1. Calculated FRET efficiency, B:Leu271 and B:Arg64, Cβ-Cβ r, R0 60 Å, to nearest 0.05?
2. Obtain the nm distance between the two label points defined at B:Ile378 and B:Tyr77 by a simple spin-label model: each point lies 7 Å from its Cα along the Cα-to-C-beta direction.
3. When only alpha-carbon atoms count, how far does chain B stretch along each of its three principal axes, as whole angstroms with the largest first?
4. Would you order B:Leu124, A:Leu97, B:Leu248 from fewest to most other beta-carbon atoms within 10 Å of each residue's own beta-carbon?
5. Have a look at B:Arg255, B:Arg129, B:Arg13 and tell me which one the Gaussian network model of chain B (Cα, springs below 10 Å) gives the largest fluctuation.
6. The protein assembly as shown: D in µm²/s via Stokes-Einstein (Kirkwood Rh, Cα pairs, 20 °C, 1.002 mPa s)?
7. Where does helix B:382-392 land angle-wise versus the long Cα axis of chain B, in degrees 0 to 90, nearest 10?
8. Which distance in Å, rounded to a whole number, links the C-alpha centroids of the stretch B:171-245 and the stretch A:105-184?
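Just so you know, all these numbers are worked out from the coordinates, no wet-lab data involved. Being a predicted model, the structure only gives us computed values, none of them experimental. Cβ coordinates were reconstructed from backbone atoms using ideal geometry, including for glycine residues, and neighbour counts include every protein chain displayed.
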Amino acid sequence: MNALVVEDVYKTYGGRPAVNGVSFSVEEGEIFGLIGPNGAGKTTTLRMISTLLRITSGRITVCGHDVATESDAVRKIISYLPEDAGAYKDLTGRAYLKFMAGFFADGGDAEKMVMSGIGIADLGERIDSKVDTYSKGMMRRLLIARAIMPAPKVAILDEVTSGLDVINAFEIRDVIRQIAARGVTVVISSHNMFEVEMLCDRVAMINDGKVVLCGTPGELKGRFEASNLEEVFVKAVKK
Amino acid sequence: MNHLLNIIRKELRELMTVGSIVSVLIMVFIFLGAGTMMNEQGDSITTPSEIGFIDGDGGPWSDRTVEILVAVYMDTYGLSEEEARGFVKVIEVALDDNAVVVERMQSLGIDAAIAVGPGYSADLDNKVRATISEYYIFTNPGLLGSAGSSMTSLMIGEISNRISKELVFDIIGPDDAAFMLNPIKGTDAHTYMNGEMHAGVRPLDISMGIMNQTLMVPVVIMMVIMMIGSIVISSMGNEKENKTLETLLTMPVGRTAIVTGKILSAAIVGLVYGLLYMVGMMFYSKGMTNIGGLGGSSPADLGLALGPADWLIVGAMVFLAIFCALGMCMILGAFAKNYKAAQTMTVPISVLAIIPMLINMFASWGSLPTAVQVPLFIIPFTHPMMVMQNLMFGNTSVVLAGLVYLALFAMLTIFITVKVYKSDILLTGIGQTKLARAFARKKI
């Protein structure tokens, strides 16, 4: 069953097209990657899926809910982690998770959600330190925990390991694999094609606001006789 | 509702940090300190200070002048003769050397002295106008630094009056002299106001009395609006800079709840800080009143006291004006790219708060020409600043029109704010609109 369907979606900013007829679908429990260079339209597409931007034309459904007409229902089942996202600096990690959990549950359920978030973040005693004092890796762990703790049906993660060191990036990729194994659909965007190749079940390559290729990393490499996705992308764009 | 409370709790935790509370408390203490200082300065005016009498004449009239000076001190400050003599320091020094005069004044620790020169007594005996000179050591350039010289001048005037009396007594006798020197009885003022004649009151007394009651409200409103404006716009700037806004907007919570939560929490903080400012301002205002007897008449004595319904209107106007300010700030904040950009966006709100505050200090609504009234009416912050005066003087139609206007303005700003929060502008900025792009192309 498709958890996410993007059908012929266009987005223009003041007449300038940013997304130019993008279509793809993602199955439940799948890790799906959107790859492409900067400015290709990845973030705009993710923002439209997350109900942050209005669609100029086309249709997006998340678990059957239309993002344009049922945005409240969509927000209850998705979790979006923007690129370079931050948290409220004057709150502690625990207070931040508590604040976010408050939108999904009350009382004991919210408390359980926070405890689950604290477990995912794995920050030890630092969970009670102010977010302002966190390193980039700690901040990203906290934000991933925030995104995952409400057990969303679809997690949308934009440049999820951007700027992280090797160990932090490795651990975060591991967390993503674990949540997908629990049935959560994950959509990630990245211009790090090696990461996408390691992590994703399927990928869509976007260039100039259009999907130029879509398939499993193995299929795409085979089709273009390439050793990695980066090579596939270069060959696809030149073609 | 829980979502709204969740947002309010988080906003309050962020807004009421130790740093922001300390900075507000510092402001309050500055007002308290300034008020206390003003009080002390005011007290220093009403307590006697020592004065020098430089006798360069040595004649009978110079001795008499010292006696008159002592009598003036006794009458003015209610002192005994012995106490009064302690304040009058007779200085035996020649008047032709200023350096010596100053040196003597400094050694006695006095900063004001009056002097009579040779021929002073002879002039008075010969019916020639005599001269009294004044000497000062000026060390305090502040507002009240000149108070001593004013007192000395008043004393010279009183000395002149009393010598005049003594001279006339000798010629026409005490009864006729008392009449001739003061033939007009104290004035009996009458002022017509609000359909009623008030005896023993002048417009100046009324103005001062009303000012004491109403001046503080506009100043506090201005400060609160500037402060909460800065809080809300900065909060939006921070949300964008830290990229927390994108996350918040994808939470299962309505945009209206986000907007309302931010506005309500800023309003709560604004009211708390406003009350603190009010306490500080009250002390400052008391200090100002203590200087030079600026008390004026009590509005209650003049039938100008506000009733419970009036206070309800004042409260409603203050609340609505704060809401309007917050709505405007939320709209401006939506266009702030980061914290730094947000800071500059507080300027228009500050200007709109300062203009009616300044006009209110110098003019009443009724005294303004229509060309000023119209733009002033459009500024929402005018209404709570002028409402007390308008209620006192029965300008009910202006008050009610202002109330309706404020309610409509508040609704409009909240409506626009929610619209902006539902649009792409919040994330993409105004630069991505067709109009902005066309404008940018034209500029190139």
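1. 0.40
2. 5.8
3. 97, 54, 48
4. By the 10 Å Cβ count, ascending: B:Leu248, B:Leu124, A:Leu97.
5. Sorting by GNM fluctuation, first place goes to B:Arg129.
6. Rounded, D is 68 µm²/s.
7. Approximately 50 degrees, to the nearest 10.
8. Comparing the Cα centres of the stretch B:171-245 and the stretch A:105-184, I get a distance of 60 Å.
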